[in-house]
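> First the structure, which I've put down as structure tokens, then a few questions once you've had a look.
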Amino acid sequence: MSDIKILIAAHKESELPKNELFLPIEVGAANRKQHLKGYQRDDIGDNISKKNPNYCELTAIYWGWKNLNCDFLGIFHYRRFYSFSEKRYPVSKDGRKMIRWPAATQGRFSEFGLLDEEKMREVIEANDLVVAESQNVRKIYTPRNRRRGNVLKHYIDHEDCIIKMRDLNLALEIASEKFPEVAPYINKYMHQKMYLGYNMWIAKKAIYDEICDFMFSVLFEVEKKINIRHYGAQMSRVYGYLAEVLSSAYIYYIRQTREISVAEQQMIYIEDTEKVTPILTGKNVCSVIFDLTTPVKTQYLPMLFEPCFEKFLMTLNKKQKYNIAIFYNDDTTPITQNALAAIRKTVGKYKNCSLSLLDLKLELSRQDEKFDPKKSLLDYLDILPIECEKAVYFKWSTIVNEDPAKLFKLGTRKPIIATADLLEEGKMNQFKSKTLARLNEMDLTYADVFEPSVMLINPKKAGTVIYKNRISDEFRRKNKLSEKEVLWLTFKGEWGRLAQDWNFRVPLYPGDEFDITLAPAKDFLKRPTMDKAKVVSFEFESVCAVGTSEFYGKYFELMRKSAAYPYYLGTVMQQKKFDYIHSMVMTGKFPVGSPRRELLSKMFPHGTRRRDLINRVIRIFLH
């Protein structure tokens, strides 16, 4: 069996394929005080580690050349690999012939054959050289927004972007002088259309050594003759970019002059390479999940969440440790980096808290799962790597008045425990028969419905139930199931009851109350007032609707004390002012049911561009 080593050059800890053939190597280790655990350092033995800022992955290539003695040696990057799968995958449309994938996962590595040592050995041992499929430069746009006819012209268009042509010309001149037998093939390579690049290959050690001897002997001469002191961050990586041309030209020379077997594999490019780590780990720690993934029709969600989150932090016990995971989805409810930074800064004041800010879509991609915006965070409990035995779950729209550790300490014999879902009186009076018919249609009773904005969850048990009782997408669409209804059906008979004081739900409109005629009497008797509730949950409209209420007064007081208050005054309050004036104008001039109102609705239907346009005109006029 051949001794095969494939270096994976990395400057940060990354999710890498778990395969004995791979040797992760930390590049630029000589320039760091803290090193990557489990990685080979490139500053041990004969090395050029200190040159890494200018030589990039070449410090790993050099280290392998000088310090490893094996039959086959190769070099990959932490985000670029070859596919060893027999399946052919679609490639990017930019002409670069790469399989682009959003995130690194072991499942995806397995699909690409990178965990199959036997299969990789079969390909490598059957060939003298393994490279990527060459790219046709005539199909690749340059920084000058045009496509060029050959490799040389392609690089001319990269002048002052990644290289200076005088540096490339110098390198090619030195290469031709030092290796006259290679010179004609360098010229041919530069004037043909197929490009290799990227400083990646797997070869028999003798061929690997040849490539390195050619490449480094030229680069070290170039280094003596050019001054890169005033090059920018990108341009200062000049030797790495020059090496892409030199190594590719030498491989071209080998293939043109020798009878060798060469395998061409598809190249993989991975966007996110962060190491996949479990979520909410640790013993004797209160785990808390905040859910910001539910689509809300506002760009102000982080600002509206800020006072709720600050109030939550104020309830925490200083002697208790907390792991807090905030899930968000940047597609459905965009959250800026500034907003995330503000949350980190707020939590940073509490030494007993650790914080994880997690983009749900990205976390799912790391588990090889596609994100469906119509599904909730709870739909993915069986997929997300949540390690804790139990966790307190809050939707973003909750005001916590009691230490969540008290809820955390309750038992979780059931997958979840939650409060009963009390129906609003106004809705019950108007739609009572319709509501009951809907429950009967889904084979549910009032005892099966719960309010999911505050829960104590056993992630593993809940994940098992979700997997076992998963509601199909077709059934959801056909029956037009809401997020709540999906949970009620999924956890039918599988949830425990939580005292109502753990979730006082604010009526959507001022003056509405909750009907308890269908609820067990004990739930009503234990239902507290808003002032005495341990947690108060509300709908988004409760803080943005026109008018005032007892709850809005309490929420506004929290907002006034929060760091988000200045932004609130400049955004939401202006919107509320517009909505209020707009409603007064509409009510006065266009009463509901009047011929004027009907005509207006016909001329400017809801959801149309005309309606949006007239609203913009009114807003400009009012401001």
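> Can you give the accessible area of residue 11 in Å² (nearest 10), computed on protein heavy atoms with a 1.4 Å probe?
Here the accessible area works out near 90 Å².
> For the range 128-183, state which trypsin sites (Lys or Arg not before Pro) are in a DSSP loop and have at most 12 other beta carbons lying within 10 Å of their beta carbon.
144, 146
> Also, quick follow-up: If DNA, RNA and ligands are ignored and the probe is 1.4 Å, what is the ranking of 419, 608, 445 by accessible area, most exposed first?
Order by accessible area, largest first: 445, 608, 419.
> May I pose another question? I need the phi-derived Karplus couplings for the range 42-54: 6.51 cos²θ - 1.76 cosθ + 1.60, θ = phi - 60°, integer Hz, Gly and Pro marked x.
Values, residue by residue: 8, 10, 10, x, 5, 8, 10, 3, 5, 7, 3, x, 9 Hz.
> Let me ask another. Based on the alpha-carbon gyration tensor of the range 102-183 and its eigenvalue square roots a ≥ b ≥ c, which shape applies: rounded if a/c is under 1.5, prolate if not and a/b is larger than b/c, or oblate?
Oblate, because a/c is 1.5 or more while a/b does not exceed b/c.
> Next question, about the same structure. Could you give the length gained by full extension between residue 445 and residue 557, i.e. 0.36 nm per residue of separation minus their alpha carbon distance, to one decimal place?
36.4 nm
> Could you pull out every one of the lysines with an alpha carbon less than 22 Å from that of residue 153, ignoring same-chain neighbours closer than 8 positions?
Filter leaves 93, 97, 139, 164, 188, 193.
> Here's another thing I want to ask about it. Taking all protein chains as present, what is the carbon and sulfur share of the accessible area of the range 141-243, in % to the nearest whole number, probe 1.4 Å?
Carbon plus sulfur share of accessible area: 48 percent.
> Could you give the size of the charge dipole of the chain about its Cα centre, using +1 on the Cβ of each K and R and -1 on the Cβ of each D and E, expressed in debye and rounded to the nearest 20?
1960 debye
> Straight-line reach from residue 406: which aspartates and glutamates have Cα under 15 Å away, leaving out those fewer than 8 places along the same chain?
Here the aspartates and glutamates satisfying the reach criterion relative to residue 406 are 501.
> While we're on this one: Pull out a ≥ b ≥ c, the square roots of the eigenvalues of the alpha-carbon gyration tensor of the range 1-78, then state rounded if a/c is under 1.5, prolate if not and a/b is larger than b/c, and oblate in the remaining case.
It is oblate, given that a/c is not under 1.5 and a/b is not larger than b/c.
> Then there's this: Could I have the simple spin-label model distance between residue 367 and residue 338, label points 7 Å from Cα toward Cβ, reported in nm to one decimal?
3.3 nm
> Let me ask another. Could you state the accessible area per residue of the chain in Å², with a 1.4 Å probe and every protein chain left in place?
Solvent-accessible surface per residue comes out at 49 Å².
> Give me the percent of the accessible area of the range 318-393 that comes from carbon and sulfur atoms, probe 1.4 Å, all protein chains in place.
47 percent
> So, one more: Could you work out how far helix 205-225 tilts from the main Cα principal axis of the chain, as a 0 to 90 degree angle to the nearest 10?
Between the helix axis and the principal axis of the chain, the angle is about 90 degrees.
> Right, something else. How do the peptides 396-402, 481-487 rank, highest first, by the average count of neighbouring beta carbon atoms within 10 Å per residue?
Per-residue mean Cβ counts within 10 Å order the peptides as 396-402, 481-487.
> So who's got an amide H within less than 5 Å of the one on residue 98, skipping anything under 5 residues away but keeping other chains? H placed 1.01 Å off N, in plane.
92
> How large is ³J(HN,Hα), in whole Hz, for each residue of the range 72-77 in order, when computed from phi with the Karplus curve 6.51 cos²θ - 1.76 cosθ + 1.60 and θ = phi - 60°, using x for Gly and Pro?
Residue by residue, the range 72-77 yields 10, 9, x, 9, 10, 10 Hz.
> So for the range 262-349, averaging the separation of alpha carbon pairs under 8 Å that are six or more residues apart and normalising by length, what relative contact order in percent results?
40 percent
> Please list, by residue number, every one of the trypsin sites (Lys or Arg not before Pro) in the range 307-353 that is coil in DSSP and has at most 11 other beta-carbon atoms within 10 Å.
318, 319, 349, 351
> Tell me whether the range 212-254 comes out rounded, prolate or oblate; compute the Cα gyration tensor, take square roots of the eigenvalues as a ≥ b ≥ c, and use a/c under 1.5 as the rounded threshold.
Oblate is the answer for the range 212-254, as a/c is 1.5 or above yet b/c matches or exceeds a/b.
> I've got another one for you. Pairs of Cα atoms under 8 Å, at least six residues apart: use those to get the relative contact order of the chain, whole percent.
It comes to 12 percent, rounded to a whole number.
> If we count every other residue with Cβ under 12 angstrom of residue 125's Cβ, Lys/Arg +1 and Asp/Glu -1, where does the sum land?
After counting each charged neighbour, the total is -3.
> Now for a different question. Checking the table 361/534; 361/468; 12/50 against a 20 Å threshold on Cα-Cα, which pairs fail?
Pairs exceeding 20 Å: 361/534; 361/468.
> Let me ask something else about it. Using packing as a proxy for protection, rank 452-460, 199-207 so that the peptide with the highest average count of other Cβ atoms within 10 Å comes first.
Those peptides, ordered most packed to least, come out 452-460, 199-207.
> I'd like the distance between the alpha-carbon centres of the range 133-174 and the range 20-69, rounded to an integer number of Å.
Cα centres, the range 133-174 to the range 20-69: 28 Å.
The values are calculated or read from the model by the stated rules, or taken from the named source; none is laboratory data. Here the structure is a predicted model, which is why all the values come from computation and not from measurement. Neighbour counts are summed over all protein chains in view; Cβ atoms, including those assigned to glycine, are modelled from backbone coordinates with ideal geometry. Note: areas computed on protein heavy atoms with side chains; ligands, DNA, RNA excluded. Shrake-Rupley method; radii C 1.70, N 1.55, O 1.52, S 1.80 Å.
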